[in-house]
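The next block holds one structure in the form of structure tokens; read it before the comments.
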Amino acid sequence: MNLLAFNLPLVVLLPFFGAALAAWASRFNRLGAAYASGLITLLALALLMPSAPLPFHDQTLIQSWSWVPDLGLYFAFRLDGLSLLFALLILIIGLLIIIYARYYLSQKDCMGRFFAYLLMFMGSMLGIVLSENVIQLVIFWELTSITSFLLISYWQHRKEARQGARMALAITGAGGLALLGGVILLGEMVGSYQLTHILAAGDLIRAHDWYLPALVLILLGVFTKSAQFPFHFWLPHAMAAPTPVSAYLHSATMVKAGIFLLARFFPALSGTFEWTLLVGGAGLITLLIGAYTALFKHDLKGLLAYSTISHLGLITLLFGFGTPLAAVAAIFHIINHATFKASLFMVAGIVDHETGTRDMRRLGGLIHYMPHTATLAMVAAAAMAGVPLLNGFLSKEMLFDQAVIASSYSHWALLLPVLVTIAGLLSVAYSVRFIKDTFLGQPKSELLHTPHEPPRFMKIPVDILVVVCLAVGVLPALTVSPILETAVAATLQTDVPDFSLAIWHGFNAPLMMSIAALIGGVALFLKRDALFRFYQLHEHIDAKSYFQSSLNALLKLAKGVTESFDKGSLQHASAWVIGTSLLAGIIGFWHYSGPLIGDTPVQSVDTLTVIVGLLGALAAITTAIWHRKRLVSLIVLGAVGLVIAIGFVKFSAPDLALTQLSVEVVTIVLLLLALYFLPQASPKEINRLRLWRDGLLAAASGIGATLLTLSVLTRDFDSISAYFLENSVSGGGGTNVVNVILVDFRGFDTLGEIVVLALAGLGIYSLLQGMTLPAPKNDLHGRLWNPDKHPLILQTLTRLLLPLMLMVAVFVFLRGHNLPGGGFIAGLIASVALIVQYLANGIDWTRHRLQVDMHWVIGLGLLIAIATGLVMMALGYPFLTSAFRHIHWPVVGDFELASAIAFDLGVFLVVVGSTVLSLVQLGRLSHSSHAESTWKS
Amino acid sequence: MEILIAFVIGAMTASGVFLTLRGRTFPVVLGLTLLAYAVNVFLFAMGRLTVGLPAVIDPTQGGYADPLPQALVLTAIVIAFGMTAFLIVLALKARSEMGNDHVDGLHLSEDEASLKDTLPPKSRKATRKARQAHKQEARP
């Protein structure tokens, strides 16, 4: 078995199955969820490993299956250097987060839910980075929005968690829609939705008219997800999530998805002025705003949140430069940021866990209580600040280098080195503040309890990440170089430019800028009071309030529009619906220039037909006019149904006539039973205006329907039925084409319809379960009901007729494939036969003799119908293909046995089951109500 | 012939629409049943009206009635029955829960009070208020 043929989809889907497993495991053991999640993540890593060497040999692994090829949708996965780097980050940091979270969550928190969400999120992220088909990528992209919503709102009882989650979902969800638009434009430009083709068509895309719209839409997706200006404000509010979630979402995953997309589409979209302006501009602004705001946040996680925004801006800025070397720096910084930021978030969580607060004004001197954690924090914060010998220093040097190079392009670009140095300076300042205010200085006395070091395994993930920071910082060439080179090769889709990951490049401009940033940053921190005062002047400006007020205005508008149509009245709403469809019809007729009536001559008509037809129309109108006298109205309605059945006979549709006739009986019996519990008359309507309006709508609808029918019937037409007529005998083995269509050609439709019927029957059963209604003692005119409930003559006759009726049903069923009849009709006839027994003999008598649970009949019918289809599938034919054979039965003669008859049997059983179930249940209602009323009296 | 059928369909549609717009559940159910009849006959007529032709394959016959609309209408009749049955039971449920058979499920203490179709504005406002209070309670 070649694992390389299908391991990538397994890696992606495994966490989704793992989510169910984790939720299930937590029922038995609280920690079971954590262990299951860890195991699943390790398993996913192990599955990924066999294909990991491929990208290092310049190979791209693609595993693809057809999904909806007409739409360009394939179930396709891709592993190259960039995907590998991200997949490893997601899985390894995910594993560390799982270990950390197992100790972080308190006894009150539901472990199963947490780990299930986390794993689903992990699977969605893996789906993004491993997708080859871009539509599939967008699907996983949306999944990350949804699962991150669940994660951020994990503490559902907290208002800020719910609000933060909703804001994140609204913004990233909207961005996802834009991204879908952009990706579709991209796919239509290239003619394929596979990344391989898109990445190879960069020149075509950049020269295309749609380049700019596609770019803007894709960047909207990227900027919302990666919290770039002006969409950056959702990220700090997402900090209401549990800290392991923040550590995961804002270091290695969620926000990096946007960055990943920048890298992924780099060869296809970059290298134009628009790209540099939009991407570089957004990146630069975000870099500065994030670094500036981070300095003033008192909350540890708030500081880290803005610092994350700033670093994401840095990466975006690097991609904005558009040069290969800048891309190297960007990818390098992705790795570095993921490691130091994840560890810093975990430290913040440990501090919160041990002291009960994250407010830096209340913290201080923690190094005395938790020296180990403090050391880890200092190293990680130094990496964030860009101190030499740590990984952050190397990528920051590369940024400074790129800024210096870019500054030669124009006068305005001269500002670049200055601005990035200021950003570096600010990041030094907030890193110093993070350490100084939390760990150094004198311990504050107001803490709830004396803090101490956290459990050992809570620190181990941080240990590992900090060691990575150090190792990359000291020995970059030996540690990170190979994977970085492969990832860059996959990003650029060309040869990797020469770059050297060395600590010492001599005294050059970037080094000077670094020194300036370090010294300036410390100085700024020491003299920060003036700056804090300045910040307080505009602290109240928060994008969240603008977001909230615009959202509220939108919701208010939507509510206003809805309420102006929907006043909580069905009559009102129905009138709107009918009026609108009338209007649509009128507009349709208005714009049609040809004659209303076609030129096919109408058929002649005999007097009898005219009389019957007019009787039907009269009955329909009378039903409406007499609707207040409900019983009369119902009887007249029955007459309409009978006229229709006669019409079907006249117009060569015997199957329909039989169906209509039996349905009519069942419907009227049902409505009669129901009417017993409803008021016998409708009240007189006082509102004449409404009567006129309804009358007008009704008349217009009637005229419209008449004209539409006439204009169709007086024109020639082409039917597709010739196919059915030709193939009915040869392909379906039956001469009754209507039945063959039902059970064979359109068998799948019929299956759907009997499912609906079964659901209706079961729904009626459960609705009536336990319901009691007062039974009226007399009719509309005050007459008492006939005390003789089950007249003797009716009883005797129906009992005699039962076998005869059932035999007719069987006969109609068996001949259905070749002559008018079939499962539907036979089922209805059998139902009528059974219902008549209930009516004539009473429920108790009949139930005693017919001990069949109709639930089982319905279920059996559905099973038989589905099994017939599945057997054919097992034999290699499409679902519900029918097979038939002529066999000779003694006495009966030649008989054709088609597999469709089994399907028809399923139809028969479902019809009998649903019909009898609902009517008998309704009858039982009358039974119990009566019993109650007699008991009361 | 075509004119007659078109007229019958029109009459059924008009009556159905009028009944659908009533304020009580039972006429609405009757109206929907009538509308279903109208739609079924309309669909059937789209295969054109053929008198005296078989729908069963028979070598001795010259032509056939169009079987496709017949098959579609056959299932439509059965489904319409299922829908009617479900609706009428829903109406029963509403009456047992609300104590009246108004389509908007107005909560009235006594059935008699609903005998006036156009409710006095006071009681309608009261229902709305009660409904809003109910909604607010449901919110956490």
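Specify which of the listed residues (A:A760, A:A775, A:A809) is out of contact with any Cys (no Cβ under 6 Å at 6 or more places or on another chain), more than 24 Å from A:I829 (Cα to Cα) and hydrophobic (A, V, I, L, M, F, W, C). If you could, list the steps in order and put the result at the bottom.
On the way: A:A760 fails: more than 24 Å from A:I829 (Cα to Cα); A:A809 fails: more than 24 Å from A:I829 (Cα to Cα).
Just one listed residue meets the conditions, A:A775.
Which of the residues spanning the range A:721-733 are at pLDDT 80 or above and more than 7 Å from chain B (Cβ to nearest Cβ)?
A:A722, A:Y723, A:E726, A:N727 - these are the residues of the range A:721-733 that are at pLDDT 80 or above and more than 7 Å from chain B (Cβ to nearest Cβ).
Within the range B:92-105, restricting attention to residues that are assigned to a helix (DSSP H, G or I) and more than 7 Å from chain A (Cβ to nearest Cβ), which residue is surrounded by the fewest Cβ atoms within 10 Å (Cβ to Cβ)? So that I can check it myself, show each step before the final result.
Within the range B:92-105, the subset assigned to a helix (DSSP H, G or I) is B:92-98.
Then keep just the ones that are more than 7 Å from chain A (Cβ to nearest Cβ); that gives B:94, B:97-98.
Details: B:A94: 18, B:E97: 11, B:M98: 16.
Restricting to residues being assigned to a helix (DSSP H, G or I) and more than 7 Å from chain A (Cβ to nearest Cβ), the top hit is B:E97.
List every residue pair whose Cβ atoms sit under 6 Å apart, with the two residues 6 or more apart in sequence or on different chains, where the first one lies in the range B:71-100 and is modelled with pLDDT under 90 and the second, anywhere, is among the charged types (D, E, K, R) and not in a helix (DSSP H, G or I).
As it stands, the answer is B:R95/B:D101, since those pairs meet every condition given.
Restricting to the range B:30-44, name every residue that is more than 7 Å from chain A (Cβ to nearest Cβ) and either within 15 Å of the chain's Cα centre (by Cα) or not in a helix (DSSP H, G or I) (or both).
Answer for the range B:30-44, where residues must be more than 7 Å from chain A (Cβ to nearest Cβ) and either within 15 Å of the chain's Cα centre (by Cα) or not in a helix (DSSP H, G or I) (or both): B:G31, B:L32, B:L35, B:A36, B:V39, B:N40.
Collect the residues in the range A:51-73 that are in a helix (DSSP H, G or I) and touching a helix residue (DSSP H, G or I) at 6+ places or on another chain (Cβ under 9 Å), keeping them in residue-number order.
Just the residues of the range A:51-73 that are in a helix (DSSP H, G or I), to begin with: A:51, A:53-56, A:69-71.
Residues satisfying the conditions are A:S51, A:L54, A:P55, A:F56, A:L71.
Just to be sure I understand the filter: pairs with C-beta atoms under 8 Å, separated by 6 or more residues or on different chains, first member in the range A:596-614 and more than 7 Å from every other protein chain (Cβ to nearest Cβ), second member in a helix (DSSP H, G or I) and surrounded by fewer than 16 Cβ atoms within 10 Å (Cβ to Cβ). Which pairs pass?
Once the first residue is more than 7 Å from every other protein chain (Cβ to nearest Cβ) and sits in the range A:596-614, its partners that are in a helix (DSSP H, G or I) and surrounded by fewer than 16 Cβ atoms within 10 Å (Cβ to Cβ) give A:L596/A:F589.
Within the range B:1-17, take every residue that is within 7 Å of chain A (Cβ to nearest Cβ) and over 20 Å from A:L713 (Cα atoms) and give me the one that is surrounded by the most Cβ atoms within 10 Å (Cβ to Cβ).
The extreme case among them is B:S15.
Which residue is surrounded by the fewest Cβ atoms within 10 Å (Cβ to Cβ), if the candidates are limited to the range B:61-82 and must be of a type in the set (A, V, I, L, M) and facing chain A (nearest Cβ under 7 Å)? If you could, list the steps in order and put the result at the bottom.
First, the residues of the range B:61-82 that are of a type in the set (A, V, I, L, M): B:65, B:68, B:71-74, B:76-80.
When the remaining residues are screened for being facing chain A (nearest Cβ under 7 Å), the result is B:65, B:68, B:71, B:73-74, B:77-79.
Numbers: B:A65: 24, B:L68: 21, B:A71: 26, B:V73: 27, B:L74: 29, B:I77: 26, B:V78: 28, B:I79: 17.
Across the range B:61-82, the extreme among qualifying residues is B:I79.
Output the residues belonging to the range A:781-835 that are aromatic (F, W, Y) and away from chain B (no Cβ under 12 Å). Outline the logic, then answer.
Step one: of the range A:781-835, the residues aromatic (F, W, Y) are A:785, A:811, A:813, A:824.
Selection gives A:W785, A:F811, A:F813.
Applying the selection to the range A:826-853, what residues are farther than 27 Å from A:P787 by Cα and at pLDDT below 90?
A:Q851, A:V852, A:D853
How do the helices (runs of 4 or more DSSP H) wholly within the range A:216-283 filter down when requiring 1 or more residues that are under 24 Å from A:D80 (Cα atoms): which remain? Talk me through it step by step, then tell me what you get.
Values: elements: A:234-237, A:243-249, A:254-264, A:266-269.
Correct list: A:243-249, A:254-264, A:266-269.
Filter the range A:538-584 for residues that are modelled with pLDDT of 90 or more and of a type in the set (K, R) and give the result.
Hits for the range A:538-584 are A:K556, A:K559.
Any residue at all in the range A:676-693 that's of a type in the set (F, W, Y) and at pLDDT below 90?
Pass one, the range A:676-693, residues of a type in the set (F, W, Y): A:676-677, A:692.
Still in the list and also at pLDDT below 90: A:676-677.
For the range A:676-693, residues of a type in the set (F, W, Y) and at pLDDT below 90: present.
Taking A:G734 and the conditions (1) buried (at least 20 other Cβ atoms within 10 Å of the Cβ); (2) under 42 Å from the mean Cα position of the chain (by Cα), which numbered condition does it fall short on, given that it satisfies the others?
Of (1) buried (at least 20 other Cβ atoms within 10 Å of the Cβ); (2) under 42 Å from the mean Cα position of the chain (by Cα), only one is false for A:G734: (2).
What number of residues within the range A:132-165 satisfy the criterion of being more than 25 Å from A:A22 (Cα to Cα) and under 18 Å from the mean Cα position of the chain (by Cα)? Show your work before the answer.
Filtering the range A:132-165 for residues more than 25 Å from A:A22 (Cα to Cα) gives A:132-138, A:159-160, A:163-164.
With the extra rule that they be under 18 Å from the mean Cα position of the chain (by Cα), the set shrinks to A:134-138.
Qualifying residue count for the region: 5.
Looking only at the range A:750-771, count every residue that is farther than 13 Å from A:L862 by Cα, facing chain B (nearest Cβ under 7 Å) and part of a helix (DSSP H, G or I) and tell me the total.
Selection size over the range A:750-771: 5.
Take the conditions surrounded by 13 or more Cβ atoms within 10 Å (Cβ to Cβ) and within 21 Å of A:L919 (Cα to Cα) and apply them to A:L819. Does it pass? Spell out the reasoning first.
On the way: surrounded by 13 or more Cβ atoms within 10 Å (Cβ to Cβ): yes; within 21 Å of A:L919 (Cα to Cα): no.
Answer is no for this residue.
For the range A:789-796, does any single residue satisfy the condition of being surrounded by 18 or more Cβ atoms within 10 Å (Cβ to Cβ), under 25 Å from A:E664 (Cα atoms) and assigned by TED's automatic domain parsing to the domain that holds A:L925? Explain how you work it out, then say what you get.
Just the residues of the range A:789-796 that are surrounded by 18 or more Cβ atoms within 10 Å (Cβ to Cβ), to begin with: none.
There is no residue in the range A:789-796 that is surrounded by 18 or more Cβ atoms within 10 Å (Cβ to Cβ), under 25 Å from A:E664 (Cα atoms) and assigned by TED's automatic domain parsing to the domain that holds A:L925.
For the subset of the range B:18-28 comprising residues that are within 7 Å of another protein chain (Cβ to nearest Cβ) and of a type in the set (A, V, I, L, M), which member is surrounded by the fewest Cβ atoms within 10 Å (Cβ to Cβ)?
Across the range B:18-28, the extreme among qualifying residues is B:L21.
Might you let me know whether the range A:892-901 holds any residue that is modelled with pLDDT of 75 or more, within 20 Å of A:L834 (Cα to Cα), part of a helix (DSSP H, G or I) and within 14 Å of another protein chain (Cβ to nearest Cβ)?
no
Being surrounded by 21 or more Cβ atoms within 10 Å (Cβ to Cβ) and either closer than 30 Å to A:K777 by Cβ or at the interface with chain B (Cβ under 7 Å from one of its Cβ atoms) (or both) is true for just one of A:I644, A:I625. Which residue is that? Spell out the reasoning first.
Numbers: A:I625 fails: surrounded by 21 or more Cβ atoms within 10 Å (Cβ to Cβ).
Of A:I644, A:I625, the one residue that is surrounded by 21 or more Cβ atoms within 10 Å (Cβ to Cβ) and either closer than 30 Å to A:K777 by Cβ or at the interface with chain B (Cβ under 7 Å from one of its Cβ atoms) (or both) is A:I644.
Residues that are in contact with a Gly (Cβ under 9 Å, 6 or more places away or on another chain) and at pLDDT 85 or above, at least 2 per element: which helices (runs of 4 or more DSSP H) completely within the range A:408-496 meet that?
Numbers: elements: A:415-439, A:456-474, A:476-479, A:481-492.
The qualifying helices (runs of 4 or more DSSP H) are A:415-439, A:456-474, A:481-492.
Being buried (at least 22 other Cβ atoms within 10 Å of the Cβ) and at the interface with another protein chain (Cβ under 7 Å from one of its Cβ atoms) narrows it down to one of A:A699, A:A674, so name that one. Spell out the reasoning first.
Working: A:A699 fails: buried (at least 22 other Cβ atoms within 10 Å of the Cβ).
Only one candidate qualifies: A:A674.
Can you name every residue in the range A:657-671 that is facing chain B (nearest Cβ under 7 Å) and free of Cβ contacts under 8 Å to residues at least 40 places away in the same chain? Write out each step before concluding.
Going through the range A:657-671, the residues facing chain B (nearest Cβ under 7 Å) turn out to be A:659-660, A:663, A:666-667, A:670-671.
Within the range A:657-671, A:Q660, A:T667, A:L671 meet the criteria.
Restrict the check to the range A:833-849 and report whether at least one residue is part of a loop (DSSP other than H, G, I, E, B) and either hydrophobic (A, V, I, L, M, F, W, C) or in contact with a Leu (Cβ under 7 Å, 6 or more places away or on another chain) (or both). Let's see the steps before the verdict.
So the first thing to find is which residues in the range A:833-849 are part of a loop (DSSP other than H, G, I, E, B), and the list is A:842.
Adding the requirement that they be either hydrophobic (A, V, I, L, M, F, W, C) or in contact with a Leu (Cβ under 7 Å, 6 or more places away or on another chain) (or both) leaves none.
No, every residue in the range A:833-849 fails to be part of a loop (DSSP other than H, G, I, E, B) and either hydrophobic (A, V, I, L, M, F, W, C) or in contact with a Leu (Cβ under 7 Å, 6 or more places away or on another chain) (or both).
The values are calculated or read from the model by the stated rules, or taken from the named source; none is laboratory data. Remember, it's a predicted structure, so these values are computed and weren't measured experimentally. Positions of Cβ are backbone-derived with ideal geometry, glycine not excepted, and every protein chain shown enters the neighbour counts.
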